[in-house]
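Let me begin by presenting the structure, written as structure tokens, before commenting on it.
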Amino acid sequence: MRRETLPIDRLSPWARLNNVDFNGVEVRSLGDSRGSGLVATWESDNAAILMSIPQDLVLSLENVWTYARSDKHLLQVFEAVDEYSRLTNASTQGEIGVLNPFCEYVKYLPEHTSLPTFWTDAEKSLLIGTSLEAALQGKLNSLDREFTLVREKTASIDWCKQLWWDAEIRELTFNDWKQVDAIYRSRALDLPGTGHAVVPCVDMANHASGDETTALYDTDRDGNAILYLRTGKKICPGDEVTITYGDDKGACEMLFSYGFIEDTMISAKELFLDLDIPDDDPLKPAKKAISEVAPGFRLCSQNESIGWEGSFVWLICVNEEDGLEFKLLQDRDGETELQASWKELEILDFTKFPDLLRKEPLWDVFQLRAITVLQNRVEQQLLRLEGSKEAVEETYSLEDLEDMNYDNAMRLRDLEETLLLHAFEDFDKKVDMIFTIWQIQSR
Ligand SMILES: C[S@@+](CC[C@H](N)C(=O)[O-])C[C@H]1O[C@@H](n2cnc3c(N)ncnc32)[C@H](O)[C@@H]1O
């Protein structure tokens, strides 16, 4: 479905009409791969308010429901899908539904995004061995499930049938669904007092981390969203005004959600690797059925070393002979429930399971087992990453790739390889430390 676009210099009449207040900044095309950005038009300093956006213009979950209450067609879709959906009146080109400011605002958003959900198969193959490989596949699968669900649930609504699903008139495609996801994901921020939301015009600000961030966003006493200069910062006409999309976000998350990795990023910061219970574990089905923690672990850079977090690994490390037990309980109505216990103490929350193990005399042994599992998984990932280097070089020489996507994929590969190698060495050191302590204790 074609989305009408308008040049960004036509945004200011829309902003005036909708009571967005600009104070010494404007949205301008930057003439580079970042697209548009916020630029200072006069000198400002020290916590000056640069922009104020009325509360009802913030695209928050609450406001979407407010719009739906006065738009029977939108409500009809929400009721059919039975959950929050991302559709707006813009998807019917204004033929159906109540007009709202977003129908016009979406025209100022870039026509294309470089998020990996839009990468070609050749570009996606550059991600083999990175943590983005599995994350991207998972995202594409869930977008596909969502799109199929919306299609199935709305296929019998007359106007949807006519305006969305009739291939001869104008069809809503999976590509459109990916667009909506990419637009929302790359522009949403965590607005204090509101939560995840897209704030029109603030979403035109590009990202810069650390001391390079010039502005912050917040909610004022009247509930309006505001953008203001950081204390101690000064901007002159022509300077770009930036916000941070999250200084703690790792390289994988930046590329996944925003389609770029900042030039100044020198570490992948963190990465998530999945884990599975081995097939020869007799408790595998019970462990999988009961665990509500993410099946994997997160590696994160911490000063000079690499830390890790995730409770799932402990389920791999202990078994019946150690004290883990599963029982199938039956209530009076015949309903069954699986119960897990550690040495007869019921485990109600698996995120707290390591706290129970820490009190055990065999804690060091459990730790060694966990480190072995994690180190093996890191090694497996490194082999996949390093083993795909030749294929990546071949893809580069044979395929027509977007330069930016290639550069970003290669940076992610480099940053994650460094982090994985560092983690592998750190696990060795942890094992050495446990053995040294044992030797000292046995003297
Ligand atoms: C919230 S939007 C910012 C406005 C956007 N530049 C536009 O033209 O509409 C986020 C997108 O801007 C781009 N972007 C923001 N900061 C960037 C940066 N530091 N380097 C490269 N691209 C950036 C990315 O495409 C990202 O997905």
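Annotations for the structure displayed:
- Residue list for the range 294-327, filter: touching a Gly at 6+ places or on another chain (Cβ under 7 Å), buried (at least 16 other Cβ atoms within 10 Å of the Cβ) and outside any helix (DSSP H, G or I): 296, 297, 300, 310
- Candidates 202, 150 - the one that is within 20 Å of residue 35 (Cβ to Cβ), assigned by TED's automatic domain parsing to the domain that holds residue 103 and surrounded by 19 or more Cβ atoms within 10 Å (Cβ to Cβ): 202
- Every residue from the range 126-153 that is of a type in the set (Ser, Thr, Tyr) and either touching a Leu at 6+ places or on another chain (Cβ under 9 Å) or not in a helix (DSSP H, G or I) (or both): 130, 131
- Sole residue being of a type in the set (Asp, Glu) and under 23 Å from residue 46 (Cα atoms), chosen from 211, 176, 166, 181: 211
- Any pair with Cβ under 8 angstrom, 6 or more apart, that starts in the range 249-269 at a residue that is at pLDDT 95 or above and ends at one that is more than 10 Å from the ligand (Cβ to nearest atom) and aromatic (Phe, Trp, Tyr): 252/272
- Residue within the range 114-126 that is among the small types (Gly, Ala, Ser), on the phi > 0 side of the Ramachandran plot and either more than 12 Å from the ligand (Cβ to nearest atom) or not assigned by TED's automatic domain parsing to the domain that holds residue 228 (or both) present: no
Yes/no matrix, rows are residues, columns are (1) small (Gly, Ala, Ser); (2) in contact with a Ser or Thr (Cβ under 8 Å, 6 or more places away or on another chain):
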| position | (1), (2) |
| --- | --- |
| 344 | no, no |
| 351 | no, yes |
| 364 | no, no |
| 387 | yes, no |
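- Residues of the range 198-238 classified as more than 10 Å from the ligand (Cβ to nearest atom) and more than 16 Å from residue 55 (Cβ to Cβ), total: 17
- Top-ranked residue of the range 239-265 - restricted to ones that are hydrophobic (A, V, I, L, M, F, W, C) and out of contact with any Leu (no Cβ under 8 Å at 6 or more places or on another chain), ranked as farthest from the ligand (Cβ to nearest atom): 254
The values are calculated or read from the model by the stated rules, or taken from the named source; none is laboratory data. Note that the structure is predicted; figures quoted are calculated from it, not measured. Ideal geometry is used to build each Cβ from the backbone, glycine not excepted, and the neighbour counts take in all protein chains shown.
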